[in-house]
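Contents: one structure, followed by commentary.
The values are calculated or read from the model by the stated rules, or taken from the named source; none is laboratory data. Predicted, not measured: the structure shown is a model, and the values here were computed from it. Cβ placement follows ideal geometry from the backbone for every residue including glycine, while neighbour counts extend to all protein chains displayed.
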Amino acid sequence: MARQATPVACQANDVELRQAWPPKRVCAYGPSRQEVKLLDGLFLAAHSDTLHTHGLQFDACFDFHFYDMDFCRQAEAIGLRMGTWPIALMHESGGNFASPAWRQGYERYLGKWGE
């Protein structure tokens, strides 16, 4: 019988989920079914008709880092609402914060949005 993982609150840099399957812990990053301002790009879902109608698309100047934050800021700027949904995903990346590529994306983001 598969062992059940226990949901716990985790830090943003928690990478313990990479250790085994099934994972020892499942991180819950807040309540679901909530309206939000920003979403992580691990999994973004939308009705394609909504994106086409509003002309919303990913900005090609963000090749990886900050593409998700930029996309969410664009959505908010045109009046679209975003939210979370109760789904389970496994994200094996610990991030690459402060790498040269991350820093370049951050500078592009600040240049576009000013904050």
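Worth a mention:
- Any pair with Cβ under 8 angstrom, 6 or more apart, that starts in the range 89-113 at a residue that is farther than 15 Å from Asp63 by Cα and in the same structural domain as Phe43 (by TED's automatic domain parsing) and ends at one that is of a type in the set (Ser, Thr, Tyr) and modelled with pLDDT of 95 or more: none
- Options Gly30, Gly95, Gly41; residue that is part of a loop (DSSP other than H, G, I, E, B), surrounded by 10 or more Cβ atoms within 10 Å (Cβ to Cβ), of a type in the set (Gly, Ala, Ser) and at positive phi: Gly95
- Selected residue [loosely packed, with under 11 Cβ neighbours inside 10 Å, assigned to a helix (DSSP H, G or I) and of a type in the set (Asp, Glu)] from Asp49, Asp70: Asp49
- Of the numbered criteria (1) aliphatic (A, V, I, L, M); (2) closer than 30 Å to Lys24 by Cβ; (3) in a helix (DSSP H, G or I), the one Leu110 fails is (2).
- Selection count where residues are in a loop (DSSP other than H, G, I, E, B) and of a type in the set (Gly, Ala, Ser), scope the range 73-92: 2
- Pairs, first closer than 10 Å to Gly105 by Cβ in the range 60-82, second of a type in the set (D, E, K, R) and assigned to a helix (DSSP H, G or I), C-beta under 7 Å, six or more apart: Cys61/Arg108; Phe62/Asp70; Phe62/Arg108; Phe66/Arg108; Asp70/Lys112
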